[in-house]
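Enquirer: Please read through the structure below; I'll follow up with questions.
The values are calculated or read from the model by the stated rules, or taken from the named source; none is laboratory data. Quick caveat, the model's predicted, so the values are computed rather than measured. Note that each Cβ is placed from the backbone with ideal geometry, even for glycine, and that neighbours are counted across all protein chains shown. Ligands, DNA and RNA are excluded from the accessible area calculation, which covers all protein heavy atoms including side chains. Shrake-Rupley method; radii C 1.70, N 1.55, O 1.52, S 1.80 Å.
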Amino acid sequence: MRGLIVTKEQEVRLVDDIPMPKIGEYEALVKMSCCMICNGTDREIIQGKLAEAREYPLVLGHEGAGYVIRTGGRVRNFRPGDLVVRPCLKDAGKYRSAWGGFAEYGIVLDYEALREDGKRQPDDLCGLTQQVVPPGIRPEQASLMITLKETLSAVRRIGLTAKERVLIVGDGPVGLCMLYNCLLSGIRSVSVLGNRTQNLRRARQIGAADCYDNRDE
């Protein structure tokens, strides 16, 4: 199958010889519909700077979404037709997996069924982040919701409270999602510093207290 890989020479290219994934009894096969580029993690992988991804060539992509097309015999929480987020690839043949969302097919693990049956949980906890997306959401929206989810996790880990005054540096997707989640968490004084006129305008629409263009002295 086809997929987007990066070589140890930091070359990103499309190949067509990635082995088709084989599912186990607690896994489901997913036809990928969309995968987003993560400007942080994917860039580090390409540059050889991510500790978890040292063996090349690697199949890129960890912010993907797709539809379940087949399930293993003990899968109970995924069904054909479900839209799911974060399908992954396993290492296969000459290719290692940097989660592998930029391939034609991926795998999700029924982590809950595994736990309920008392089976040993894998060392790779990727299955904990894989879940069914509610009806009415498109694959592109589902992939972008991963950023929304990750930034909410960051707001909670930082321990921000409603009394904080927050300045978000950056007005890209991560910055706007961070703004949205701060507001949902009850923080009212949130400002954004960026350099995209349209995105700063959108930040105001979302509810930023102030927006600053870093090109404006």
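Enquirer: Just the residues that are touching a Leu at 6+ places or on another chain (Cβ under 6 Å), over 20 Å from Q131 (Cβ atoms) and either surrounded by 16 or more Cβ atoms within 10 Å (Cβ to Cβ) or touching a residue at least 40 places away in the same chain (Cβ under 8 Å) (or both), please, taken from the range 169-185. Before you say what the answer is, go through the steps one by one.
Expert: Just the residues of the range 169-185 that are touching a Leu at 6+ places or on another chain (Cβ under 6 Å), to begin with: 169, 171, 177, 181.
Pick out the ones that are also over 20 Å from Q131 (Cβ atoms) and you get 169, 171.
Scanning the range 169-185 gives a single hit, D171.
Enquirer: Given the range 6-79, what strands (runs of 3 or more DSSP E) lie entirely inside it while holding 2 or more residues that are farther than 16 Å from Q130 by Cα and touching a residue at least 12 places away in the same chain (Cβ under 8 Å)? Even if it seems obvious, please write down each step before you answer.
Expert: On the way: elements: 12-15, 27-36, 63-71.
The qualifying strands (runs of 3 or more DSSP E) are 12-15.
Enquirer: While we're looking at this one, here's another question. Take residues that are modelled with pLDDT under 95 and tell me which of the helices (runs of 4 or more DSSP H) falling wholly in the range 130-208 contain 2 or more.
Expert: Details: elements: 139-158, 173-184, 197-206.
Answer list for the range 130-208: 139-158, 173-184.
Enquirer: Looking only at the range 110-161, count every residue that is crowded, with 17+ Cβ neighbours inside 10 Å and in contact with a Cys (Cβ under 7 Å, 6 or more places away or on another chain) and tell me the total.
Expert: Within the range 110-161, residues that are crowded, with 17+ Cβ neighbours inside 10 Å and in contact with a Cys (Cβ under 7 Å, 6 or more places away or on another chain) number 8.
A quick yes/no check of all residues on (1) of a type in the set (D, E, K, R); (2) in contact with a Ser or Thr (Cβ under 7 Å, 6 or more places away or on another chain); (3) open to solvent by 80 Å² or more (accessible area, probe 1.4 Å):
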| site | (1), (2), (3) |
| --- | --- |
| E11 | yes, no, yes |
| V15 | no, no, no |
| P19 | no, no, no |
| K22 | yes, no, yes |
| Y26 | no, no, no |
| L29 | no, no, no |
| S33 | no, no, no |
| N39 | no, no, yes |
| A53 | no, no, no |
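Enquirer: Do you know which residues across the range 80-103 are assigned to a loop (DSSP other than H, G, I, E, B) and either of a type in the set (K, R) or exposed (fewer than 15 other Cβ atoms within 10 Å of the Cβ) (or both)?
Expert: Within the range 80-103, the subset assigned to a loop (DSSP other than H, G, I, E, B) is 80-82, 86-87, 89-91, 93-94, 98-102.
Listed by number, the residues that qualify are P80, G81, R86, K90, D91, G93, K94.
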